[in-house]
Every structure is written in C-alpha cells, then in structure tokens.
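See structure below.
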Amino acid sequence: MPIEIEAKMKVENFDQISAVLKAQGASSLGEHIETDTFFDTPDRTLLAADKGLRLRVALDVKTNKTEALLTYKGPVAHGELKKRQEIQTPLADPHAMAMLFEQLGFKQSLRYQKRRQSWQLDSCRIELDEIPHLGKFVEIEGFSDQAVMNVRQKLGLASSPLIKTSYIAMLSAHLHEKGQNVNEVLL
C-alpha cells in the first residue's frame, strides 16, 4: 500500500527557496501547468470519507508535452505530517476516463489549475506550487517523516506552519466563503 508522506507550507514567494535549492545542489525536474479534476458521487460520498479521485493532466511548460495520471487518495492519517494512501497510474486518454467516470455516476466536483516547479533534493521531491486565490506553497514529499523533515530544515522552513489540508479543500472553502458557486478555477 503506497503511502504519501508530505509537508506543505505556505510561503510569500519562491525566491529564497529556489536559491537554497540551487545552493544545496537540488535537481530541477521541470515546470508544469497542472489541471486537476476531482470526481465524486452526487451526494459527495468520497469527500465525506476524506477520500479523493483525481484526474491530472500536466503540461510541460518547455516542451508542451502532456502527461495524464489517475490518482486515488485515501483518508489523511493522524500525525504531524500529512500521510495518506495514494495509488496512481498513467492514463493514455484522460478525456475517455472522464467520460467513463460520468457513466459510472461520478461527477466533476472541482477542476483547478496550478503552476508547479518540481525539484529533487536528497530522497525527497519538492514542489513549488502557485494556486489561484490561495497563493504559493512548498510541498516536500519523501519516503519517511525524517527524510521530509530533514529537507524542510535544509530549505529553512522548519518554523513554517505545516498545512495538512488539501488544495481542493482549501480552494473549495475559499470559493464557498466568497459565495462563488463554480466548479472550475483556471490560471
């Protein structure tokens, strides 16, 4: 059972983080515009169970190539870091998968885009994410709590508050608070 272990922190900008990543010898893995589409039943069964069904299409900013992934996310476990079961598989035809979900009774609950710069440092993947309405975030994902926390320390983010809430939950709450009844937030 693959487990995602992640630290997420909100930041004002990426300047200092980018400089530290370069100084630490991190490898750039590219920049993408990711379109995440979440599906749920009409009565929001997955949301109620703290689960997610996501179809992601990532557009490489430099090459214009796209990659699609289907992801299931399980409920978030208790603890300091965000931990949850995550099962992913590549997709050849995301449009066909979306139509298949519709035929099975799943509906698009929210689609949003984000700009993501990806890096590799030590055994962790670092994502610099910019999400409309929410701002800028750093995610550190690794194989263990210690690996994630070590990279968090190296990046100078040890005192930054950890966020366990998902982007979709934060964005949904923001839209609800603003009285915006939309199911798409694009760049």
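Only the coordinates and a few stated rules stand behind these numbers; no lab work does. Quick caveat, the model's predicted, so the values are computed rather than measured. When we count neighbours, we look across all protein chains shown, and the Cβ atoms used for this are built from the backbone with ideal geometry, even at glycine.
Between region 65-113 and region 30-64, the alpha-carbon centres lie 5 Å apart. Here the label points at Lys10 and Ala48, each 7 Å from Cα along the C-beta direction, are separated by 3.0 nm in the simple model. Each residue of region 128-133 is assigned a 3J(HN,Hα), and the resulting list reads 9, 10, 10, 10, x, 6 Hz, derived from the Karplus form 6.51 cos²θ - 1.76 cosθ + 1.60 (θ = phi - 60°), x at Gly and Pro.
Once the chain from Leu29 to Asn183 is taken as fully extended at 0.36 nm per residue, the excess over their C-alpha distance is 52.5 nm. The count of lysine pairs in region 30-106 that are at least 8 places apart or cross chains, and whose C-alpha atoms lie under 18 Å apart, stands at 5.
In the chain, the calculated helix contribution to ellipticity at 222 nm averages -6500 deg cm²/dmol per residue, counting -39,500 (n - 2.57) for every DSSP H run with n ≥ 4. You can think of it this way: the chain between Asp122 and Gln85 has 11.1 nm of extra reach, that is 0.36 nm per residue less the Cα-Cα gap.
For region 114-187, the share of alpha carbon pairs falling in successive 5 Å distance bins from zero is 3, 14, 23, 21, 16, 11, 8, 4, 0 percent. As a rough guide to protection, the peptides 50-62, 91-103 ranked by mean Cβ packing within 10 Å, highest first, stand as 50-62, 91-103. Using only alpha carbons, region 24-125 has a radius of gyration to Kirkwood radius ratio (Rg to Rh) of 1.01. Across region 3-185, C-alpha contacts under 8 Å between residues 6 or more apart give a mean separation that, scaled by the residue count, equals a relative contact order of 30 percent. Calculated from the alpha-carbon coordinates, the chain shows an Rg and a Dmax of 16.5, 50 Å respectively.
For the listed peptides 174-182, 134-142, 40-48, a ranking on the average number of other beta carbons within 10 Å per residue, highest first, reads 134-142, 40-48, 174-182.
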